[in-house]
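> Here's a structure for you.
The values are calculated or read from the model by the stated rules, or taken from the named source; none is laboratory data. Remember, predicted model here, so these are calculated numbers, not experimental data. Glycine gets a Cβ as well: all are built from the backbone with ideal geometry, and neighbour counts include every protein chain shown. To get the accessible areas, we keep the full protein, side chains included, count just its heavy atoms, and leave off ligands, DNA and RNA. Shrake-Rupley method; radii C 1.70, N 1.55, O 1.52, S 1.80 Å.
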Amino acid sequence: MAILIDKDTRLLVQGLTGREGTFHAKQSAAYGTTVVGGVTPGKGGTTHEGWPVFDTMVQAVEATGANASLIFVPPPFAADAILEAASAGVPLVVCITEGIPTLDMARTLALIDSRATRLVGPNCPGLISPGRSKVGIIPGHICCEGRVGIVSRSGTLVYEAIHQLTGVGLGLSTCIGIGGDPLIGTSFVDTLQLFSGDNETDAVIVIGEIGGTAEEEVAAYIRRGFKKPVVGFVAGQTAPPGRRMGHAGAIVANGKGTAAEKMDALAAAGVHVVESPADLGAAMALALSSRP
Amino acid sequence: MKIHEYQAKMVLGRHGVPIPKGDVVVSAFEAHQVAERLGTDVVVVKAQIHAGGRGKGGGIRSARGPAEAERVAEELLGMQLVTHQTGPEGRKVARLLVEEGLDIERELYLGLVLDRAAGCPVMMASATGGMDIEQVAADTPALIVREHAHPTAGLAAYQARKLAFGIGLGATLVAPAVEIMRNLYQTFLATDASLLEINPLVITRGGQLLALDAKIDLDDNALFRHKDLAKLRDLSEEEPLEVEASKHSLNYIRLDGTIGCMVNGAGLAMATMDVIKLAGGEPANFLDVGGGANAEQIRNAFKILVADANVKAVFINIFGGILRCDVLAKGIIAAVREVDLQVPLVIRMEGTNVEQGWKMLQASGLSFTLAETMAQGAEHVVRLA
């Protein structure tokens, strides 16, 4: 069954007619995702690469029956695009855009009804359920079908983890990049809850990074009774304090949010924590083989 | 983005937060003039650098009259000011803020920052101002009171009143304090700040509230809509190589080690620093060329990397998802030739079109080591450095 996306996903692309939107819409369609159209204000009524283009999300959803939206809108307009998707009742909104002002996201998250719309991202690579669907920019050809879930704040570390799993003969149920910004729609814990209820996911890799307390929340959640094996890594063990490491959310502020604290918290909750990102695949293979 | 104290006060003043009278100067002569114009018995001369702890480091001095202000300014201008936040080399003082001396009765703390877990700004207030607030938070957390502002509704007046009463202000001071708090919140919104601090907020013997010190950090992602604030950036406060990197939209942070690294994606770049450390080496930098880098980006990144004289070996760790390995190989070959690389190079490359990329690198005649995995690459490069 996988989580969030599957064969029934019907995808709209907001910002379809832009360079990135076009490229990734085609990639998603080539992977087997049902892409039903796009939205670019002012280009409604035209077609782009064979897909119908609409002016507004409400029109697009009405005409196509879409149940997911993928956003490639530039940062100044992206928060508004998220609100538009939510107002049109789209249950899954994935925002790839990097560089949205933090206060825009604070307002947006406060306005979205999280019971009706799940936002993934922003500043994320999206998600993929190999063999079924992909909504985002994770390269499909590196993924194999399988029973391991991945959730990560970083995009390229997702690719690394997938590659290592393939190396040890393991595949993926669903892989989700939740985003590197300080404020994001879907947390690690939200994702673990979904993986917990998914009978096609046997184990999960959690890839965190410095900044914030999301990894500590993972530890607390696992302690409350998450049953599946978890392998964890936290990037930024060597990051200098007070500096923003590429991602807007990756900063050790006032000695808080360090990799060491997060790794300790995860390990104390029973997560198989690896010091080196190069050990993710092997650690997962070991975790699965040593299960009772 | 960080800005100077005098700039932060200018911004706060514009939003109705009371600040001491004063002016910024770049010469001792000007310091004399400003002190004369202020006309107070005592003036305070404050070094303007992007670091805290200036007082303890000797960067904040009081002076009696214009002549002494000029002398103090003479001493401060051009000095390398060392504080606990600058590192041992310190920061060069190029500007001073000369302000009226105030008769201070009490020092308070007022701050606004984004609470990531709550998803909204939180205002913090404390009766213990003028001290390191992180220390107060660690030692006596009960002395800090907090109110979360709703992201769309803002900070309500009753919340500001709760804070004002919470830090023990008497009835006559609550109204002006509430006004300052609400103006502070407006400043936070209007500037897209990520941190705003008044430490201390002082009460003078005359019963006036003033922002004696101020700090504003701005959200880089929002600068596109604040052209006026973007102009406040002081490039001389930043590492020159980092300034150069930012011109090419590269995420580069200079560190103290000897192994230069070039990686795509922030997470993988941090992880690469971690594996270098685990292999016994020290990274010379964080460098994320971005998920969709092209040959030109790779070339610019390489130039910045080797401009750091501490770099004894270079490690390229790229996972080509969208970025194809053949494009990457082309970029590396051109860059290595152009900069005439003198240090050992280790390349770990994986992902789309990797075989093609490897062939191109091998056919190039360049001297480098190919690594199969990230861990192996890190071990190699540490041995070579």
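> With +1 on each Lys and Arg Cβ and -1 on each Asp and Glu Cβ, and nothing else charged, work out how big the dipole of the range B:302-385 is about its Cα centre, in Debye to the nearest 20.
Details: 8 positive and 8 negative charges, 20 e Å.
Dipole of the range B:302-385, to the nearest 20 debye: 100 debye.
> Give me the dipole magnitude in Debye, nearest 20, for the range A:115-233 about the Cα centre, with unit charges on the beta carbon: positive for Lys and Arg, negative for Asp and Glu.
Magnitude of the dipole: close to 300 debye.
> If a/c stays under 1.5 just call it rounded; otherwise compare a/b with b/c (prolate if a/b is bigger, oblate if not). Do that for the range B:1-103, with a ≥ b ≥ c from the square roots of the Cα gyration tensor eigenvalues.
Details: a/c = 1.88, a/b = 1.16, b/c = 1.62.
Oblate, since a/c reaches 1.5 and b/c is not below a/b.
> In nm, to one decimal, how far is the B:Val26 label point from the B:Glu338 one, both placed 7 Å along Cα→Cβ?
3.3
> Residues with amide H under 5 Å of A:Gly146's amide H, sequence separation 5 or more or different chain, H placed in the peptide plane at 1.01 Å from N; which?
A:Leu172, A:Ser173
> Here is a further query. Rounded to the nearest 0.05, what FRET efficiency do A:Ala30 and B:Met10 have when you use their Cβ-Cβ distance and R0 = 35 Å?
0.05
> Next question, about the same structure. What residues of the range A:130-149 lie in the reach of a label at B:Arg324, counting those whose backbone N is under 16 Å from a point 7 Å from the Cα along Cα→Cβ?
Residues A:139-142 qualify, since their backbone N sits under 16 Å from the label point.
> Separate question: Quick one: if the Förster radius is 45 Å, what FRET efficiency do B:Ala295 and A:Glu145 give, using the C-beta to C-beta distance and rounding to 0.05?
0.85
> Which of these, B:Asp228, B:Asp23, B:Asp217, has the largest mean-square fluctuation under a Gaussian network model of chain B (Cα springs below 10 Å)?
Highest fluctuation among the options: B:Asp228.
> So what's the angle, to the nearest 10 degrees on a 0 to 90 scale, between helix B:295-306 and the longest Cα principal axis of chain B?
Long axis of B:295-306 versus the principal axis of chain B: about 70 degrees.
> With a 1.4 Å probe and every protein chain kept in, tell me what percent of the accessible surface of the protein assembly as shown is carbon plus sulfur.
Carbon and sulfur: 51 percent of the exposed surface of the protein assembly as shown.
> Whose amide H sits under 5 Å from the amide H of A:Ser69, counting only residues 5 or more places off or on another chain, with H placed in the peptide plane?
HN-HN under 5 Å from A:Ser69: A:Leu12, A:Leu92, A:Val93, A:Val94.
> Shifting gears a bit: In the range A:113-197, what % of DSSP beta bridges are antiparallel (nearest 5)? It would help to have the intermediate numbers written out before the result.
Details: 7 of 12 bridges.
Percent antiparallel among DSSP bridges in the range A:113-197 is about 60.
> Partner chain Cβ atoms within 10 Å, averaged over the residues of A:269-278 - can you pull that number for me?
3
> Starting from 0.36 nm per residue, how many nanometres of slack lie between B:Asp41 and B:Ala153 once their C-alpha separation is accounted for?
35.8 nm is the gain from fully extending B:Asp41 to B:Ala153.
> Tell me which trypsin sites (Lys or Arg not before Pro) from the range B:132-227 have a DSSP coil assignment and no more than 14 other beta carbons within 10 Å of their own.
B:Arg205
> Give the cross-link partners of A:Lys227 among the lysines, using a straight C-alpha distance below 23 Å as the criterion and excluding same-chain residues fewer than 8 apart.
A:Lys262
> What is the angle, in °, between the Cα long axis of helix B:65-76 and the longest principal axis of the Cα atoms in chain B? Nearest 10 is fine, range 0 to 90.
Its long axis makes an angle of about 10 degrees.
> ³J(HN,Hα) across the range A:266-271 via Karplus (A = 6.51, B = -1.76, C = 1.60, θ = phi - 60°), whole Hz, x for Gly/Pro?
Per residue, the Karplus-derived 3J(HN,Hα) values read 5, 4, 5, 8, x, 6 Hz.
> Then there is this: Please give the calculated 222 nm ellipticity per residue for chain B, where each DSSP H segment of at least 4 residues contributes -39500 (n - 2.57) and the sum is spread over every residue; nearest 500 deg cm²/dmol?
Values: 13 runs with 144 residues, N = 385.
It lands at -11500 deg cm²/dmol.
> I've got another one for you. Over the range B:40-98, calculate the relative contact order: mean separation of alpha carbon pairs under 8 Å at least 6 apart, over the residue count, as a percent.
Relative contact order here is 43 percent.
> Still on this structure: Looking only at chain B, where both bridge partners belong to it, what percent of the DSSP beta bridges are antiparallel (to the nearest 5)?
Numbers: 49 of 66 bridges.
So the antiparallel bridges amount to about 75 percent of the total.
> Still on this model: Could you tell me which residue out of B:Leu241, B:Leu81, B:Ala63 lies farthest along the dipole of the protein assembly as shown toward its positive end? Charges go on the beta carbon: Lys and Arg +1, Asp and Glu -1, centred on the Cα centre.
Farthest towards the positive pole: B:Leu241.
> Here is a further query. Once you list every other residue whose beta carbon is under 9 Å from the beta carbon of B:Met270, what net charge do they have if Lys and Arg are +1 and Asp and Glu are -1?
Every neighbour counted, the sum reads -3.
> Okay, next question. For peptide B:215-224, what's the mean number of Cβ atoms from other chains within 10 Å of each residue's Cβ?
Rounded to a whole number, the mean comes out at 4.
> Average partner chain C-beta neighbours within 10 Å, per residue of A:231-243?
Details: counts 0, 0, 3, 3, 10, 8, 7, 14, 8, 6, 1, 1, 5.
Mean shielding by partner chains, rounded to a whole number: 5.
> Note the full-extension length gain between B:Ala142 and B:Asp103 as 0.36 nm times their separation in residues minus their Cα-Cα distance, in nm to one decimal.
Length gained, B:Ala142 through B:Asp103: 11.2 nm.
> Additional query: Could you do me a favour and compute the accessible area per residue for chain B, 1.4 Å probe, result in Å²?
Per residue, chain B has an accessible area of 42 Å².
> Follow-up question, since we're still on this one. Round to the nearest 10 and give me the degree value, 0 to 90, for the angle of helix B:266-278's Cα axis relative to the longest principal axis of chain B.
Between helix and principal axis, roughly 80 degrees.
> I've got another one for you. Filter B:Lys46/B:Lys247; B:Lys92/B:Lys277; B:Lys277/B:Lys303 down to the pairs with a C-alpha to C-alpha distance above 29 Å, please.
In this structure, B:Lys46/B:Lys247; B:Lys92/B:Lys277 lie more than 29 Å apart at Cα.
> If you filter the range B:226-333 for GluC sites (Glu not before Pro), then keep DSSP loop positions with at most 16 other Cβ within 10 Å, what is left? Kindly include the intermediate steps, with their values, before the conclusion.
Working: sites: B:Glu237, B:Glu238, B:Glu242, B:Glu244, B:Glu296; in loops: B:Glu238.
When the GluC sites (Glu not before Pro) of the range B:226-333 are filtered for loop state and at most 16 Cβ neighbours within 10 Å, B:Glu238 remain.
> I'd like the distance between the alpha-carbon centres of the range B:1-75 and the range A:1-31, rounded to an integer number of Å.
About 56 Å separates the Cα centre of the range B:1-75 from the one of the range A:1-31.
> Another one. If each DSSP helix of 4+ residues adds -39,500 (n - 2.57) and the sum is divided by the residues in chain A, what number results at 222 nm, nearest 500 deg cm²/dmol?
Calculated from helices alone, the mean residue ellipticity at 222 nm is -9500 deg cm²/dmol.
> Distance in nm between label sites at B:Ser236 and B:His248, each 7 Å beyond Cα in the beta-carbon direction?
The answer from the label model is 2.7 nm.
> Students often forget the sequence filter, so: which aspartates and glutamates lie under 18 Å Cα-Cα from A:Lys228 once same-chain residues fewer than 8 apart are removed?
List returned: A:Asp190, A:Asp198, A:Glu200, A:Asp202, A:Glu215, A:Glu216, A:Glu217.
> Separate question: Top mean-square fluctuation among B:Gln85, B:Gln362, B:Gln33, Gaussian network model of chain B, C-alpha springs under 10 Å?
Fluctuation is largest for B:Gln362.
> Right, another one. Considering only C-alpha atoms, what is the centroid distance from the range B:273-297 to the range A:140-188, in Å?
20
> A follow-up question, please. Karplus couplings for the range B:358-365 from phi (6.51 cos²θ - 1.76 cosθ + 1.60, θ = phi - 60°), rounded to Hz, Gly and Pro as x?
Once rounded to whole Hz, the list reads 4, 4, 4, 5, 5, 6, 6, x.
> Please enumerate, by chain and number, the lysines with C-alpha under 26 Å from the C-alpha of B:Lys162, excluding those fewer than 8 residues away in the same chain.
Once the sequence-local lysines are set aside, what remains near B:Lys162 is B:Lys9, B:Lys215.
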